[in-house]
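Read the structure below first, then the notes.
Readers should treat all values here as calculations from the given coordinates under stated rules, not as data from a laboratory. These numbers come from a predicted model, not from an experiment. Glycine gets a Cβ as well: all are built from the backbone with ideal geometry, and neighbour counts include every protein chain shown.
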There are 2 protein chains.
Amino acid sequence: MAAKHVKEMEALKEHLGKHQLKLTRQRELILSAFLRQEHITAEAMYHQLAKSDPHLGLATIYRTLNLFCDAGLAQARHFGSQTQYDNIAHKGHHDHLICTGCDKIVEFENCDIERLQEEVATQNGFIIKTHRLELYGLCSRCRH
Amino acid sequence: MAAKHVKEMEALKEHLGKHQLKLTRQRELILSAFLRQEHITAEAMYHQLAKSDPHLGLATIYRTLNLFCDAGLAQARHFGSQTQYDNIAHKGHHDHLICTGCDKIVEFENCDIERLQEEVATQNGFIIKTHRLELYGLCSRCRH
DNA sequence: ATCATTTTGAGACAGCTTATCAATTTCAAT
DNA sequence: ATTGAAATTGATAAGCTGTCTCAAAATGAT
Ligand SMILES: [Mn+2]
Ligand SMILES: [Mn+2]
Ligand SMILES: [Zn+2]
Ligand SMILES: [Zn+2]
């Protein structure tokens, strides 16, 4: 319990230190809840945490998840109308397959695609900083 | 002038006919303005058309651009916070390189990437219906 | 020309996220 | 341990993009 998510906590503390930010009870709480998820929206986390912490504000959730993005622990992804915060703390970069039938999300990684993306960028004089690749379709179960 | 965009106009009329919709002055006007663009937001088109047609409503622009999507002339893409309507009337499918410095958008097409996407989907039991691939970075000019 | 149906324009409304600001908390310096 | 400047929080207002509402106008089949 005490040894859980220590590395991520250290990463957060390092970011806080570099930017004159403070470690608060809320930030610790939200971090530990966030690290249990694969992807989550601010709203979903708000309702989840409200059970044990009814006074935690939605704005604080948003602020904190955005802070995690700055710290490199999370990545904001716009699936549909809401922002999903993706837990990339102990996962590398990855992209997503999204089932439009049941909203299932599958993560994948493909070096060949990444390499071709770089090629395309170079051909056009660009240097890629980020990218988004989302494949929308039907999973095996929803196909029927 | 009169022979411009005839094919797209016919495509629109065909769609209207099939769906009991009517051809209006506004739809003609918005179509001809839209076909001059590569990508445009509803807001941008609203301001552009307001010069010659101050009473054209923003809701009408949205409705009409969405109609073009249904008719296969346009495709909605969510870059950042706004929806860009992409003129795909006489272009096939394509993806985008986006400069975060100057907002320049370069279109590209890469069959190898598309093929690898299909592979990834198949491996995971998915059948792709659509996808989005956006590469964000700096163009040659903005790199300095 | 008639008239049922569709469309329009203006503004209200909705969903998601950020800004505001007084009160509280943190933490470095005593 | 106490102090106090600076950062943070929570409640809520505001912002932004896009859709809905509805009375008035336009369309087009007859
Ligand atoms: Mn993910
Ligand atoms: Mn395009
Ligand atoms: Zn599914
Ligand atoms: Zn640029």
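Per-structure values
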read-out	value
Global geometry of chain B, whether rounded, prolate or oblate, following the gyration tensor of its Cα atoms and the 1.5 cut on a/c	oblate
Chain A: most fluctuating residue of A:Gly80, A:Gly92, A:Gly125 per GNM, C-alpha cutoff 10 Å	A:Gly125
Region A:1-82: trypsin sites (Lys or Arg not before Pro) in DSSP coil with no more than 13 other Cβ atoms inside 10 Å	A:Lys4, A:Lys22, A:Arg36, A:Lys51
C-alpha center-to-center spacing [region B:122-137, region A:98-144] in angstrom	4
Among A:Asn110, A:Asn87, A:Asn124: highest mean-square fluctuation, GNM of chain A, C-alpha pairs under 10 Å	A:Asn124
Cα point-scatterer Debye curve for region B:95-137, base-10 log of I(q)/I(0) at q = 0.13 Å⁻¹	-0.36
For A:118-130, mean number of other protein chain Cβ atoms within 10 Å	6
Partners for A:Lys22 among aspartates and glutamates (Cα-Cα distance below 15 Å; same-chain residues under 8 apart left out)	A:Glu10, A:Glu14, A:Asp70
Among beta bridges that DSSP assigns inside region A:44-144, antiparallel share in %, nearest 5	70
Residue with peak Gaussian network fluctuation, chain B [Cα springs, cutoff 10 Å], from B:Gln75, B:Gln37, B:Gln20	B:Gln20
Value of [θ]222 nm, deg cm²/dmol, for chain A, DSSP H segments ≥ 4, -39500 (n - 2.57) each, nearest 500	-12500 deg cm²/dmol
Fewest-first ranking of B:Cys102, A:Cys69, B:Cys139, using other Cβ atoms within 10 Å as the exposure measure	B:Cys102, A:Cys69, B:Cys139
Pseudo-label separations to other copies for A:Gly101 - Cα-to-Cβ vector, 7 Å, nm	4.6
Dipole axis of the protein assembly as shown (+1 Lys, Arg; -1 Asp, Glu on Cβ), positive-most option in B:Ser32, A:Leu58, B:Leu116	A:Leu58
Projected label distance in nm at A:His94 and B:Lys104, using a 7 Å step from Cα toward the beta-carbon	3.5
Lysines with Cα under 29 Å of B:Lys104, excluding same-chain neighbours fewer than 8 positions away	A:Lys129, B:Lys4, B:Lys7, B:Lys51, B:Lys91, B:Lys129
Segment A:Glu119-A:Leu29, extension gain: residue separation times 0.36 nm, minus the distance between their alpha carbons	28.2 nm
For chain A, cysteines whose Cβ has no other cysteine Cβ within reach (under 4.7 Å)	A:Cys69, A:Cys102, A:Cys111, A:Cys142
Label 7 Å beyond Cα on the Cβ vector: B:Asp53 copy-to-copy distances, nm	5.2
Kyte-Doolittle at least 1.6, axis length at least 15 Å by Cα - qualifying DSSP helices, chain B	none
The protein assembly as shown, dipole about Cα centre (Lys/Arg Cβ +1, Asp/Glu Cβ -1), debye to the nearest 20	820
Coordinate range along principal axes, alpha carbons of the protein assembly as shown, Å, largest first	74, 52, 43
Teacher prompt: B:Ser81 distances to equivalent labels in other copies, 7 Å Cα→Cβ, nm	1.7
Modelled FRET efficiency - R0 41 Å, B:His15 with B:Ala44, Cβ distances, 0.05 increments	0.95
Region B:3-87 - percent relative contact order, Cα under 8 Å, separation 6 or more	30
Equivalent-ellipsoid semi-axes of region B:3-87, from the Cα gyration tensor, Å, largest first	19, 15, 12
